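Heads up: the structure comes next, in structure tokens.
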Amino acid sequence: MQHSSTYRMRVKENLRITAPECRDTVVKLTLEPVNGKLSSFLPGQFVLIGLPGLDDPAPGYFAMASAPDHPEVFEFYIKDAGPLSSYLCNIEVGRQLEVEGPMGRGFDLRPFKGDDVCLIGVGTGIAPLHSVCLNIVRHRQDYGRVVIFAGFLTEMHQLLTDELEELAKYDIEVSVSLEMGHDSWDGPIGYVQHALEADGLDGSHAVACLAGMSAMVDACTQTLQNLGFDDSRILLNH
Ligand SMILES: Cc1cc2nc3c(=O)[nH]c(=O)nc-3n(C[C@H](O)[C@H](O)[C@H](O)COP(=O)(O)OP(=O)(O)OC[C@H]3O[C@@H](n4cnc5c(N)ncnc54)[C@H](O)[C@@H]3O)c2cc1C
């Protein structure tokens, strides 16, 4: 999308993703335009969501998890973390919201055709990376190895499990790290940067996209630099 616009959007679906026994609530929120069409956006871009006519709770930024080309809806993964996100996690189907955007740099992989792609995210940071993957699937032959390193607190906190499994069909490797694992967990246990380090990607022919909390972004940036990634090959979406 070239220009940021303000849309009135309606809640089409609001699904709780985290298990009922999980203390954290994350929902998948699907919004459709009330009038007109949505324009395409760059994977990784986000919007500012607010309540029509109200400043409280204040509007907040949320990244689209859905496909960026000719979208009919925007899909978001929203964690209940404060006043606005709590409102959105509990919003009823049919309610309207004000949506400004898309905005941010997004993850523009077009200059990196032919290279390997490494996507690294934790928690709801997986959302914009899913949008990147949906875009890669449409141009899969343009890239070499594609691997997503996802990190969650526990098995109960995993997001987009089916969606990530689906990516295997398109030769996209998925590594899920749990910060707190258990005996029957056969994936990596620890922080996502440890799985990244163990993989040993060659940074001279790869590009990395990072999404998540700033401590994770800082730690992964360090790891990527150690793997030989130049700063121009470490992308952030904002
Ligand atoms: C570019 C960008 C994209 C974002 N995309 C998403 C997204 O796709 N999904 C999403 O849920 N949030 C996303 N956020 C965070 C979101 O904008 C809000 O900050 C969050 O929903 C909390 O806002 P609040 O008003 O409810 O509570 P606040 O009172 O503003 O925040 C409550 C506390 O929660 C912490 N917090 C905020 N978000 C998270 C989180 N996801 N996990 C853990 N702690 C958190 C804050 O640091 C703060 O301490 C994004 C933020 C930015 C800047």
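The values are calculated or read from the model by the stated rules, or taken from the named source; none is laboratory data. Worth saying up front: this structure is predicted, and the values here are computed from it rather than measured. All Cβ positions, even for glycine, are placed from backbone atoms using ideal geometry, and neighbour counts span all protein chains on display.
Structural remarks
- Criterion applied to 84, 119 was being buried (at least 18 other Cβ atoms within 10 Å of the Cβ), closer than 29 Å to residue 178 by Cβ and without any contact (Cβ under 8 Å) to a residue 40 or more places away in the chain, and the one residue passing it is 84.
- From 152, 76, residue being closer than 19 Å to residue 193 by Cβ and within 16 Å of the ligand (Cβ to nearest atom): 152
- Number of the exception - residue 79 against (1) out of contact with any strand residue (DSSP E or B) (no Cβ under 6 Å at 6 or more places or on another chain); (2) surrounded by 14 or more Cβ atoms within 10 Å (Cβ to Cβ): (1)
- Unique residue being surrounded by 13 or more Cβ atoms within 10 Å (Cβ to Cβ), in contact (Cβ under 8 Å) with a residue 24 or more places away in the chain and closer than 18 Å to residue 143 by Cα when the list is 173, 197: 173
- Whichever residue in region 149-170 is surrounded by 13 or more Cβ atoms within 10 Å (Cβ to Cβ) and closer than 16 Å to residue 67 by Cβ and, among such residues, is farthest from the chain's Cα centre (by Cα): 170
- Considering region 200-219, and only residues there that are more than 16 Å from the ligand (Cβ to nearest atom) and in contact (Cβ under 8 Å) with a residue 40 or more places away in the chain, the residue that is surrounded by the most Cβ atoms within 10 Å (Cβ to Cβ) turns out to be 208.
- Within region 86-123, tally of residues that are in a strand (DSSP E or B), within 15 Å of the ligand (Cβ to nearest atom) and under 16 Å from the mean Cα position of the chain (by Cα): 5
- Within region 57-71, the residues that satisfy the criterion of being touching a helix residue (DSSP H, G or I) at 6+ places or on another chain (Cβ under 8 Å), more than 9 Å from the ligand (Cβ to nearest atom) and not hydroxyl-bearing (Ser, Thr, Tyr) are 67, 68, 69.
- Just one of the listed residues (119, 84) is in contact with a strand residue (DSSP E or B) (Cβ under 6 Å, 6 or more places away or on another chain) and closer than 26 Å to residue 11 by Cα, namely 84.
- Residues being modelled with pLDDT of 95 or more and of a type in the set (Ser, Thr, Tyr) are entirely absent from region 210-220.
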